[in-house]
């Protein structure tokens, strides 16, 4: 996979995680934070696809038969659910950690 794709995916992942943690802390509702993270990662990855294609359209055409590289122009869009799933797991762990801390404070 091209290093440009990996950079875009990692930026989307980091930005959506930071935004979801901030929303989680403010709203105390993990599904709102997850929806917000999904929206941010979808926006970044979908917006980056035509930008990357306009910079170098050969990047999508001269791919080998490896799975992620054979997706062509849909490579970045494919990662939206993967980034969302990872965000969900992290938000769930953060929520469990906060619940344990609240239980310890009550006791």
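Since every read-out is calculated from the coordinates, none of them should be taken as a lab result. In this text the structure is predicted, and so the values were computed from the model without any measurement. Every residue, glycine as well, gets a Cβ built from its backbone with ideal geometry; the counts of neighbours run over all protein chains shown.
Some notes on this structure:
- Computed label-point distance, nm, for sites residue 85 and residue 105 using a 7 Å Cα→Cβ extension: 3.4
- Here each label is just a point 7 Å from Cα along the line to Cβ, and for residue 11 and residue 28 those points are 3.6 nm apart.
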